[in-house]
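I have placed the structure first, in the form of structure tokens, so that the comments after it can refer back to it.
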Amino acid sequence: MITRIDLRGRALGTSQADPRVLVPRAELDVEAALAVVRPIVEDVHHRGEAALIEYAAKFDGVELTRVRVPVSALTEALERLDPQVRTALEESIRRARKVHRDQRREERTTQVVAGGTVTERWVPVDRVGLYVPGGRAVYPSSVVMNVVPAQEAGVGSLAVASPPQKEFGGLPHPTILAACALLGVDEVYAAGGAQAVAMFAYGYQGQGQAGEVGCRRADLVTGPGNIYVAAAKRLLKGVIGIDAEAGPTEIMVVADATADAGIVAADLISQAEHDPLAAAVLVTDSEPLAEAVVAELEPRVAATKHAERIREALAGRQSAIVLVDDIAAALIVANGYAAEHLEIQTRDSAADAAKVRNAGAVFVGSFAPVSLGDYLAGSNHVLPTGGCACHSSGLSVQSFLRGIHVVDYTREALAEASELVVALANAEDLPAHGEAVTARFDQRQG
């Protein structure tokens, strides 16, 4: 059901034993997907809502007359929401707000020299488009994870897009609409895939219906999606800001002989449930644990709802049980792999977790499963995939802020720096740069 990779005796972390090569990932060809999404993006750019309506019919099998979801549909979805699901969403929102509120940045002024200061101001983007995927699963939790940090950052205008669902008359899933209503978001669009990203990048004009004003272009688009969403983000980066090109979800579990094989197996299965391309990787120095996990997988997979999808994910090249010499070696593999979700289930989980440098999120011990982070930990579940955690962070308040430096120097402070500015300008063969300083002290300027 799952591949075994034996790295015992290897000099891990060297160029001859690079974990990024030794532990494979799913093969995704975003460049090939660009050829598919390019004409879609251009069509939405030029034809706006008419194109969006046609793609809803083509890809989602629904006939729309307008793309924007009526506010009444949001209200109705919230009224009909299962009370227990509402309670869970409200608690998820409360916990996420608590964590993300503490991420706010403060303005700071640094006095560089007497009479010379630089102030860093943190300014939210004006408008964001938040994408919530549909398809195999329903993700009201992704509404929470996108909207809460944007709101806590102070974004003034935000809109949500999610694919239209044939089962619900062309509206996004009602649980997604209800989550939007709970968060006070009333601008929601029934649009999915590359066409939704293009809509946020270019906007569209209304078609003349009473009260219809269309969709204003956004400055930034965030949220996970399939390969076509990732390709559209790559294509439109620069036209619109993006958070990341999200790939298939992934979990890596670092565990030793003290870990519970049933818990490890359950955690691997939980991420494999997302997608046939999802990665589920166990790294352990305990061969008995590896054997026990393999024994646990089959009956647990057979008993769960999405068994076929899970089997495909676990059997894929992106999933494996990796044997290493010790936990120090396991952490070298983990830091090299840079997993989206990294669980540490070892004898000293907290100390081992402190050695992790590359991960989207780290889950410490046997009582912090990835599922908790998906919904109620308070952390954000929109995280870097595909090894991007070695250079990128998950979605946060910071994702929606821009740092602006405000430079304020007196005449005297500039005079003190002028000779050095001129020296550096001349060294770069840019004399006009220096002249822009010396001109301020020309006698004619008083």
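The values are calculated or read from the model by the stated rules, or taken from the named source; none is laboratory data. No experiment lies behind these values; they were computed from the predicted model shown. All Cβ positions, even for glycine, are placed from backbone atoms using ideal geometry, and neighbour counts span all protein chains on display.
Considering only the range 256-267, I want to know if a residue exists there that is under 25 Å from Asn146 (Cβ atoms) and either within 20 Å of the chain's Cα centre (by Cα) or of a type in the set (D, E, K, R) (or both). Yes, the range 256-267 contains a residue that is under 25 Å from Asn146 (Cβ atoms) and either within 20 Å of the chain's Cα centre (by Cα) or of a type in the set (D, E, K, R) (or both). Checking Arg10, Arg38, Arg66 one by one, the residue that is farther than 30 Å from Ala290 by Cα and either part of a loop (DSSP other than H, G, I, E, B) or among the β-branched types (Val, Ile, Thr) (or both) is Arg66 and no other.
Per-residue answers, yes or no, for (1) in the same structural domain as Ala272 (by TED's automatic domain parsing); (2) more than 24 Å from Ile93 (Cα to Cα); (3) part of a loop (DSSP other than H, G, I, E, B):
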{"position": "Ile332", "(1), (2), (3)": "yes, yes, no"}
{"position": "Asn335", "(1), (2), (3)": "yes, yes, no"}
{"position": "Glu343", "(1), (2), (3)": "yes, no, no"}
{"position": "Asp352", "(1), (2), (3)": "yes, yes, no"}
{"position": "Phe363", "(1), (2), (3)": "yes, no, no"}
{"position": "Phe367", "(1), (2), (3)": "yes, no, yes"}
{"position": "Gly373", "(1), (2), (3)": "yes, no, no"}
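Just one of the listed residues (Ser142, Ser92) is assigned to a helix (DSSP H, G or I) and touching a Pro at 6+ places or on another chain (Cβ under 8 Å), and it is Ser142.
Answer with yes or no whether Ala265 is closer than 21 Å to His381 by Cβ, crowded, with 21+ Cβ neighbours inside 10 Å, among the hydrophobic types (A, V, I, L, M, F, W, C) and not assigned by TED's automatic domain parsing to the domain that holds His46. Considered against the rule, which asks whether it is closer than 21 Å to His381 by Cβ, crowded, with 21+ Cβ neighbours inside 10 Å, among the hydrophobic types (A, V, I, L, M, F, W, C) and not assigned by TED's automatic domain parsing to the domain that holds His46, Ala265 comes out as no. Out of everything in the range 345-393 that is of a type in the set (D, E, K, R) and without any contact (Cβ under 8 Å) to a residue 60 or more places away in the chain, what residue ends up being nearest to Val264 (Cα to Cα)? Among them, the one singled out is Asp348.
Within the range 394-446, the only residue that satisfies the criterion of being free of Cβ contacts under 8 Å to residues at least 12 places away in the same chain, surrounded by 12 or more Cβ atoms within 10 Å (Cβ to Cβ) and part of a loop (DSSP other than H, G, I, E, B) is Leu430. Within the range 127-142, the only residue that satisfies the criterion of being touching a Cys at 6+ places or on another chain (Cβ under 9 Å) and either within 14 Å of Gly203 (Cα to Cα) or at pLDDT below 85 (or both) is Gly129.
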